[in-house]
Amino acid sequence: MQIIGPDLLVFGVDDVPACHEFLSAYGLDCADYTPEKGGTYLALDGTGLVIRPRNDPSLPLALKTGTTLRLQVLGVVDAAALDAVEAELSRDRQVLRLADGSLRTQDDQGFELAFRVTTRKPLDMPGEKVNAPYAPARPANALGVTQDMPAKPRTLSHVVLFVPDIDGAVGFYRDRLGFRITDTLTGAGPFLRPQANPDHHTHFFIRTPPYMQGIEHLAFHLGGPTELMLAGSRMMEQGYESFWGPGRHKFGSNWFWYFKSPLACNVEFDADMDTHDDDWAPREAPMGPEASQAFLMQWRAKWAPGGGPGGPKG
């Protein structure tokens, strides 16, 4: 199945204005916001989030747990890939072909899914370049950081879901949609990537009791760790609460910084994720700090050596 990954995640939330302020601070571009109806929030390649009031009649029905995630819209490479998804899933469930050509159905855990030919726009933007001794990547006089440099989300990276039935969730995405397991945290669950995306994962499942089923966090890719540190620092300066980070994961190698959000889930900045092909041999490690992070740092307000705020005296 030539699936790329999430193009859009659709939410039904309790506080639309608070979500608008958070996602605007996070760096997504708002297309059509109103306090009454919500809006669409896009990364630079056109992937993103749709926010609606929880009781909006246009939304799919919520899970019994009341999770705010109401729909995942997965992009595929072309019309033939869309037809292949329809043929496969129609074997044992209802798959609706909508007027815009997209498909609508549910996965085996009851999460609402849509599939469409992706509308993401490939970006012609450089990634972060690092100067190493004897191997400089930036040309002379090109600065590695400036205080006002942009740090905007480039693309929707991944979604992490709480599921009560790990085997059922994995079986659907792996056996029916062709996702590959890249690594597994024992006691939690596996990371999966779709066939048409080399990223370490677009989905990660965490085993939980049925009453917790829903979304744990979502993430967008930035252009590198410097952008991540700047974006996260700007969120802190605007008063948003850090949940975890900044740091760097082991599985996936991606830099991370998670923030608490009014979407009723955490929202992550990430950067520099590993990519894999079908020659990759999946790893497994027990769930815990040693497996989940290579290192973890702590943000603090700026200080200057020699007596700046919070700094050493003398």
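No value in this document is a laboratory result; all are computed from the given coordinates. Not measured: the values here are computed from a predicted model. Here the Cβ is made from the backbone with ideal geometry for all residues, glycine too, and neighbour counts use every protein chain on show.
Close amide H contacts of residue 76 (hydrogens built in the peptide plane, cut-off under 5 Å, sequence separation of 5 or more or a different chain): 4, 116, 117, 118. Computed over the range 215-312, the convex hull of the alpha-carbon atoms projects to a mean area of 8.2 nm². Short-range pairs are left out: with C-alpha atoms under 8 Å and at least six residues apart, the relative contact order of the range 203-314 is 25 percent. With helices as the sole contributors, the chain gives -4000 deg cm²/dmol at 222 nm; each DSSP H run of n ≥ 4 counts as -39500 (n - 2.57), and the sum is divided by every residue. Dipole check for the range 200-314: with +1 at the C-beta of Lys and Arg, -1 at the C-beta of Asp and Glu, and the Cα centre as origin, the magnitude is about 700 Debye. Couplings 3J(HN,Hα) for the range 89-95, derived from phi with the Karplus relation 6.51 cos²θ - 1.76 cosθ + 1.60 (θ = phi - 60°), are 6, 5, 5, 9, 7, 6, 10 Hz, where x marks Gly and Pro.
The calculated FRET efficiency for the pair residue 105 and residue 148, based on their C-beta separation and a Förster distance of 45 Å, comes to about 0.50.
Between residue 56 and residue 24, the contour length at 0.36 nm per residue exceeds the Cα-Cα span by 9.4 nm.
What FRET efficiency would be calculated for the residue pair residue 121, residue 211, taking the C-beta separation as r and a Förster radius of 30 Å, to the nearest 0.05? Write down the numbers at each step before the final one.
On the way: r = 40 Å, r/R0 = 1.32.
The computed FRET efficiency comes out at 0.15.
When the chain is treated as a Gaussian network with alpha carbon springs shorter than 10 Å, the biggest mean-square fluctuation among 209, 225, 262 belongs to 209.
Longer than 21 Å from Cα to Cα, which of 250/302; 152/260; 121/152 are they? Say none if no pair is.
Values: 250/302 28 Å; 152/260 18 Å; 121/152 15 Å.
Among 250/302; 152/260; 121/152, the Cα-Cα distance tops 21 Å for 250/302.
Contact order for the range 152-221, expressed relative to its length and based on alpha carbon pairs under 8 Å spaced 6+ residues apart, stands at 48 percent. Which of 299, 130, 101 sits closest to the plus end of the dipole of the chain, meaning its Cα is farthest towards the positive end, when Lys and Arg get +1 and Asp and Glu get -1 on the C-beta? Value computed over the given set: 299. Between residue 297 and residue 174, the FRET efficiency estimated from the beta carbon spacing at R0 = 35 angstrom works out to 0.50. What net charge is computed for the residues neighbouring residue 206, neighbours being all others with C-beta under 13 Å from the C-beta of residue 206, Lys and Arg scored +1, Asp and Glu -1? Counting the neighbours of residue 206, the net charge comes to -1.
Look at the dipole of the range 1-155 built from charges on Cβ: of 113, 18, 139, the Cα furthest out on the positive end belongs to 139.
For the pair residue 138 and residue 15, label points projected 7 Å from Cα toward Cβ lie 3.8 nm apart.
Which cross-chain or sequence-distant (5 or more) residues have an amide H under 5 Å from the amide H of residue 203, H modelled 1.01 Å from N in plane? Under 5 Å from the amide H of residue 203 lie the amide H atoms of 159, 192, each far enough along the sequence or on another chain. Each listed q (0.16, 0.23 Å⁻¹) maps to a log10 I(q)/I(0) for the range 1-112 from the Debye sum over equal C-alpha point scatterers, namely -0.81, -1.31.
Put a dot 7 Å past the Cα of residue 242, heading toward its Cβ, do the same for residue 131, and the two dots end up 2.7 nm apart.
Lys/Arg Cβ at +1, Asp/Glu Cβ at -1, dipole of the range 215-314 taken about the Cα centre: which of 226, 276, 249 is farthest positive-ward? Checked the options; the winner is 226.
3J(HN,Hα) couplings calculated from phi for the range 258-267 with the Karplus curve 6.51 cos²θ - 1.76 cosθ + 1.60 (θ = phi - 60°) are, in sequence order, 9, 10, 5, 9, x, 6, 6, 7, 7, 10 Hz; Gly and Pro show x.
For the chain, state the average projected area of the convex hull of the C-alpha atoms over all orientations, rounded to one decimal in nm². Before the final figure, lay out the partial values.
On the way: hull surface 75.5 nm².
That works out to 18.9 nm², a quarter of the Cα hull's surface.
Roughly how big is the chain's charge dipole about its Cα centre, with Cβ charges of +1 (Lys, Arg) and -1 (Asp, Glu), in debye to the nearest 20? Provide the component values of the computation, followed by the final result.
Values: 29 positive and 39 negative charges, 130 e Å.
The dipole magnitude comes to about 620 debye.
Measuring nothing but how far apart in sequence close Cα pairs (under 8 Å, 6+ apart) lie, relative to its length, the chain scores a relative contact order of 17 percent.
Along the range 269-274 the Karplus relation, 6.51 cos²θ - 1.76 cosθ + 1.60 evaluated at θ = phi - 60°, assigns HN-Hα couplings of 8, 9, 7, 6, 7, 4 Hz to successive residues, with x for each Gly and Pro.
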